[in-house]
Amino acid sequence: MVVLAGMMQGQNMVYLIHSNSLNFDEKRLPDAQILRGDVIFRHDEALMYCDSAYFFDKQNSLHAFSNVRFVQGDTLFGYGDALYYDGNTKIARIRNNVKLVHFETVLTTDSLNYNRKADLAYYFSGGKIVDNLNTLTSIWGQYHPQSKQAEFRHDVVLVNPNFTLTSDTLKYNTESHVADIVGPTTIVYEEETTILSTNGKYNTETEQSELYDRSRVIHADGKQMTGDTIFYDKKVGFGRVWGNMEMKDSAQMATLYGNYGEMYEEDSRGFATDSALMIDWSDEDNYGYIHADTLFTEDVHYRYIDSLSLDTIGIDTVYKRIRAHHGVRVYREDMQAVCDSLVYNDLDSVMTMYTEPVCWNNENQISADSIEIFMKDGKIDYAKGTGAALTVKQETDQYFDQMSGKVMKAYIRDGELKQVDVSGNAETIFYPKEDNGDFIGMNTTQSSNVQIFFVNEEVEHVLFTTSTTGTMYPLNQIPSGADRLHAFFWATQERPLKPGDVFDNPPRTPRPSSAIISATSTDIDEDKGKTSSIKRTMGNKTKHKQDNNEENSNSADSKRNSSRRRGARR
């Protein structure tokens with residue numbers, strides 16, 4: 001047995017502590033001590049073990065072979081088939097079947113270099129690091145035992161029981177289990193969620209992430225979230241986005257935008273604010289744009305209930321609900337609208353607008369206390385206005401066709417207004433025309449109910465109740481103020497004319513108060529027989545009143561002639 005205290009003097013000496021035998025071979029290995037059997041070296045606080053070694057005491061280095069073990073303190077252990085150690089640079093090179101153990105972290109590779117000065121271990125031909133939570137593999141990698149920080153490059157794969165992370169470059173801490181994303185990275189929860197990012201942090205233990213630089217969170221159900229900065233908690237199912245937020249729902253064919261927003265995976269709840277915008281792209285030929293101070297979207301669960309027994313019937317049903325609050329502006333090619341708040345649900349495809357809503361379809365303005373828009377196959381079927389309902393169409397700078405009542409339904413086909421039904425104190429003002437387009441006069445009516453039918457956006461005929469009254473005025477004999485219904489207002493300056501206009505903020509147009517409208521409306525008793533089947537064209541709408549007023553007979557004749565010119569049918 002050979003025991004040597006040391007072979008050179010100095011602070012950085014490598015000491016031979018033990019060997020069963022020591023030999024020399026000056027021809028083959030000049031300046032080398034050939035050691036065999038239970039060889040032990042020490043350098044500072046590091047110990048090195050092997051079955052055999054060449055010890056170059058003058059160079060302060062060694063080559064160790066078979067059952068190599070490297071121990072630094074009581075926390076770092078290295079294993080391999082061969083060790084090349086330089087005591088001057090403090091670099092250990094371990095080769096073949098290499099394993100480095102540091103607490104619960106195990107690094108395995110075929111070739112490992114460990115710089116004791118920098119306390120840094122690195123591999124360059126493929127390796128793996130395993131801690132108590134994750135397994136990481138890459139072509140190149142390094143590990144800093146003191147900070148427990150690792151870095152990986154080229155074909156990086158992090159495998160967790162819940163997900164798999166792939167990247168080209170990744171930094172990772174084996175104590176905190178936080179991965180620093182510094183290059184294109186994909187995190188996949190199979191059949192659930194995919195996270196795409198080039199910059200950020202991902203806590204693989206809590207599954208919380210901070211993502212930057214237009215990262216994305218994509219769900220298997222078609223929803224995805226994009227933003228300049230994203231906080232995402234996978235376990236809770238919650239995301240928060242700052243800057244250029246985009247929440248896309250492929251199933252609903254809608255996208256929510258804003259500069260701030262939140263998403264809750266439970267019930268698919270989300271909201272956007274600060275330049276909030278929702279785009280409905282379910283109809284590829286007619287996108288819908290909704291802007292408001294705040295936009296909400298959510299899934300609503302319900303069951304049918306028997307109204308008599310109160311028993312629940314059927315299975316859970318889910319429908320999508322959208323809410324918009326404050327400063328709502330809507331643009332579609334076939335309809336534009338403004339209001340203060342809006343609710344849409346796809347259970348019955350109804351959009352309801354509240355607080356001074358106004359809608360436009362082509363040349364027609366529709367308003368009421370509240371308006372419901374009924375959709376069918378992604379297109380507008382009809383609109384229903386309740387309370388102070390008003391429809392206005394501008395004929396000239398001075399002439400406005402008008403209809404008002406308590407309830408109004410406007411039917412739209414192929415983007416054009418085809419029919420308007422008015423019930424409850426129905427009043428109209430129209431300007432009938434000759435065939436050449438010249439105006440005949442102004443026709444006013446009052447009725448309990450009225451139906452107006454349109455062809456090419458022009459009034460084709462009108463159906464009244466038999467209790468209708470009215471007057472036809474020549475254009476030069478219209479009394480002052482008679483050309484406006486009491487509910488009349490004209491809000492064309494508020495109308496969005498293109499998608500970008502939804503972000504405009506024009507002042508709201510003052511409208512008559514409900515008290516004024518109620519005080520000036522005339523209640524007309526509805527006939528027992530409901531509506532008359534008589535169709536009256538614009539020229540003879542006022543026949544009931546004029547038959548009892550002989551002094552207006554010439555005017556009545558004129559209107560009857562007009563009815564014949566327009567092809568009226570009795």
³J(HN,Hα) computed for each position of region 285-292 - Karplus, 6.51 cos²θ - 1.76 cosθ + 1.60, integer Hz, glycine/proline x: 9, 8, 5, x, 10, 10, 10, 7
Test of the criteria: in region 14-80, which trypsin sites (Lys or Arg not before Pro) are in a DSSP loop and have at most 16 other Cβ atoms within 10 angstrom of their Cβ? Lys27, Arg28, Lys58
Rounded, prolate or oblate: which one fits region 117-157, using the alpha carbon gyration tensor with axes a ≥ b ≥ c (rounded when a/c is under 1.5, else prolate when a/b beats b/c, else oblate)? oblate
Within region 32-57, what residues put their amide N at less than 16 Å from the label point 7 Å along the Cα-to-Cβ vector of Asp25? 32-37, 52-56
Whole-Hz couplings from phi, Karplus 6.51/-1.76/1.60, listed for region 139-150; x for Gly and Pro: 6, 10, x, 9, 9, 10, x, 5, 8, 6, 9, 10
With a 1.4 angstrom probe the carbon and sulfur portion of accessible area for region 27-133, in percent, totals 49
Filtered pair list for region 82-224 (Lys only, Cα < 14 Å, 8 or more apart or interchain) has a length of 5
With every protein chain kept in place and a 1.4 Å probe, the chain has an accessible area per residue in Å² of 47
Could you give the length gained by full extension between Gln419 and Glu192, i.e. 0.36 nm per residue of separation minus their alpha carbon distance, to one decimal place? 76.9 nm
Could you tell me how far the Cα centroid of region 202-225 sits from the Cα centroid of region 344-364, in Å? 35
Find the centroid of the Cα atoms in region 47-94 and in region 404-467, then give the distance between the two in whole Å. 99
Residue by residue through region 372-382, what is 3J(HN,Hα) from phi via Karplus (6.51 cos²θ - 1.76 cosθ + 1.60, θ = phi - 60°)? Round to whole Hz and write x for glycine and proline. 10, 10, 9, 9, 9, 6, x, 10, 6, 8, 7
Can you give me the solvent accessible area of Ser282 with a 1.4 Å probe, rounded to the nearest 10 Å²? 60
If you line up the long axis of helix 553-565 against the longest principal axis of the chain, both from Cα atoms, how many degrees apart are they, to the nearest 10? 50
Here the gain from full extension of Glu266 to Ser125, 0.36 nm per residue of separation minus their alpha-carbon distance, amounts to 46.3 nm
Kindly identify region 7-90 as rounded, prolate or oblate by the Cα gyration tensor criterion: order the square roots of the eigenvalues as a ≥ b ≥ c, call it rounded if a/c is under 1.5, otherwise compare a/b with b/c, prolate if a/b is larger, else oblate. oblate
What FRET efficiency do you get for Asn436 and Tyr287 if R0 is 51 Å and r is their Cβ-Cβ distance, rounded to the nearest 0.05? 0.80
Using Cα pairs under 8 angstrom and six or more residues apart, how large is the relative contact order of the chain, in percent? 5
Could you size up the charge dipole of the chain around its Cα centre, putting +1 on the beta carbon of Lys and Arg and -1 on that of Asp and Glu, and report it in debye to the nearest 20? 460
Which value at 222 nm does the chain reach when only helices count, each DSSP H run of 4 or more adding -39,500 (n - 2.57), with the total divided by all residues and rounded to the nearest 500 deg cm²/dmol? -1000 deg cm²/dmol
For Ile440, Ile366, give me the order by solvent-accessible area with a 1.4 Å probe, most accessible first, ignoring ligands, DNA and RNA. Ile440, Ile366
Taking a ≥ b ≥ c as the square roots of the Cα gyration tensor eigenvalues, with a/c under 1.5 meaning rounded and otherwise prolate when a/b beats b/c, else oblate, which class fits region 238-396? oblate
Only sites in a loop by DSSP and with at most 10 other Cβ atoms within 10 Å count here; which GluC sites (Glu not before Pro) in region 151-191 make the cut? Glu190, Glu191
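The values are calculated or read from the model by the stated rules, or taken from the named source; none is laboratory data. All figures in this text were calculated on a predicted structure; none of them were measured in a lab. Heads up, the Cβs are rebuilt from the backbone with ideal geometry, glycines too, and the neighbour counts pull from every protein chain shown. Protein only, heavy atoms only, side chains kept; ligands, DNA and RNA dropped before computing areas. Shrake-Rupley method; radii C 1.70, N 1.55, O 1.52, S 1.80 Å.
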